[in-house]
Amino acid sequence: MRIGKIFFYAALCAATLCLTGCGGTDVVPRDNSGTKVGVAMPSQQLLRWNRDGAYLESELRAKEFAVDVAFAGGDAVKQAGQIEEMIAEGCKVLVVSAVDSKALAPVLERAKREGVTVIAYDRLLMGTDAVDYYATFDSYSVGMLQAQTIVDRLGLAEGKGPFYLEFAAGPTEDSNAKVLFAGAMDVLRPYIEQGKLVVRSGERTQEEAAVPGWATLMAEERMKGLLAQYGEGTKIDAVLAANDSIALGVLDALKEAGYGTAGRPLPILTGQDADLPNVHALIAGEQTMSVFKDTRRLALETAKLIEAIVGSHAPEINDTQNFMNGKKVVPAHVLKGTFVDASNYKSVLVDSGYYSTVDIDGTASRALGVK
Ligand code: BGC
């Protein structure tokens, strides 16, 4: 058995060597170890970026790149400094998920001058031509999935209503928040115009409904303010929360106001990211849906982009039209998120290996719900 195994691996190595040694130049794996990649993530406090950082590091190391990962703690100035340092240390490729999509233009100019390739990761870098590629999930369709859940659960297409709806949007400095809001609004607008959805606060734009920093506490504050306008007598039927960290704050405020008790059901509540505490909320019936963005795939696609760029091959791009950043249309590799709720979380999140049953059964920390 052991000998069989050894033989199998030996044969595999021989085949690999033959592939790499006897083939044409395009099958010879590059030695990437001389190439350093800087990975600038926005924050460790928001759950998903921990995973993104870890997956990117492991995919890049698997391709034998040298990797430098930095988290900016939600501070745009700190992030610019981290990127400066990465350039100074000789990084040839930068993978950047910006704290503030517009704030990095000067440091990115320097990257461009020094011949560094810049990949915007999940958040588009705005207002600069010093960005080469964009690897992302499609935020517009995330917004559509969230809004469609509200339409379906309230029976709006069947003519039901009017219902009360409020928004807890992402912050203005994140390019994704705007795109997501546009996707959601394109689905909801007809019902708002018909009076079937009533936004009692009147806060119907992303700017008016923005939650600074996607922060749970800020979302709770916002929701408390909105609930104060509703008073005891009027029930909110749906809250479009832009992501899971916002949904948690909205949920806290709702519960504190007595929602989720007998005779006062919780409203429909959306999210995105399928963060662990939110998966628990889905299972408990407190959050209606989330959108799972398989960050393992995004990290893998990004590593593949980098390998192609470094090896002077054409990178795999599937969108050359939709991502205008104010200065240029950035060629992108775009992935879709997956709707997840209490009925399908096992197949989407557990069967895919993203979470283990132990994760799902345990109590996830809100601060760092990572394994
Ligand atoms: C991402 C979301 C994430 C949010 C806060 C956005 O740019 O698209 O997935 O929830 O940032 O971290």
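When the Cα positions of SER352, THR234, ALA88 are compared along the charge dipole of the chain, SER352 comes out farthest toward the positive end, with charges on each C-beta of Lys, Arg, Asp and Glu. Protection proxy ranking for 231-238, 277-284, 266-273, using the average of other Cβ atoms within 10 Å per residue and placing the highest first: 266-273, 277-284, 231-238.
With the contact rule set at Cα under 8 Å and sequence spacing of 6 or more, what percent relative contact order holds for the range 90-137?
In percent, rounded to a whole number, it is 40.
Approximating the spin labels as points 7 Å out from Cα along Cα→Cβ, the ARG297-to-ALA88 distance works out to 4.0 nm.
Using a simple spin-label model with pseudo-atoms 7 Å out from Cα toward Cβ, ASP152 and LYS112 lie 4.3 nm apart. Per residue, the convex hull spanned by the alpha carbons of the chain comes to 162 Å³. Computed in the context of the full set of protein chains, the accessible area of the chain at 1.4 Å probe radius has 55% of its extent on carbon or sulfur. Relative contact order, whole percent, for the range 46-191 stands at 19, derived from Cα pairs under 8 Å and 6 or more residues apart. Computed from backbone phi with θ = phi - 60° and the Karplus coefficients 6.51, -1.76 and 1.60, the 3J(HN,Hα) list for the range 161-173 is x, x, 10, 8, 10, 10, 10, 10, 8, x, x, 5, 7 Hz; x is used for glycine and proline.
Pick out the long, greasy-scoring helices in the chain: whole DSSP H runs spanning 27 Å or more along their own axis by Cα, mean Kyte-Doolittle at least -0.5. Working shown, then result.
Working: long enough: 2-22 (29 Å, 1.37).
Answer set is 2-22.
Note on GLU207 and GLN229: their simple-model spin labels are 1.6 nm apart, each label 7 Å out from Cα toward Cβ.
Summary value for the chain: 16 percent relative contact order, contacts being C-alpha pairs under 8 angstrom separated by 6+ residues. Accessible area per residue for the range 170-279 is 37 Å², calculated with a 1.4 Å probe on protein heavy atoms, without ligands, DNA or RNA.
In debye, nearest 20, what is the charge dipole magnitude of the chain about its Cα centre with +1 on Lys and Arg Cβ and -1 on Asp and Glu Cβ, if you could check?
Numbers: 37 positive and 47 negative charges, 88 e Å.
Dipole about the Cα centre, nearest 20: 420 debye.
All distinct Cα pairs of the range 210-367 go into the 1/r average, and the inverse of that average, the Kirkwood radius, is 17.8 Å. Charged side chains reduced to their Cβ positions (Lys and Arg at +1, Asp and Glu at -1) give the range 103-217 a dipole of some 200 debye around its Cα centre. Among LEU240, LEU180, LEU349, the largest mean-square fluctuation in a Gaussian network model of the chain (Cα springs under 10 Å) belongs to LEU349.
The values are calculated or read from the model by the stated rules, or taken from the named source; none is laboratory data. None of these values were measured; they are calculated from a predicted model. Reconstructed Cβ throughout: ideal geometry from the backbone, glycine too, with neighbour counts over all protein chains shown. Ligands, DNA and RNA are excluded from the accessible area calculation, which covers all protein heavy atoms including side chains. Shrake-Rupley method; radii C 1.70, N 1.55, O 1.52, S 1.80 Å.
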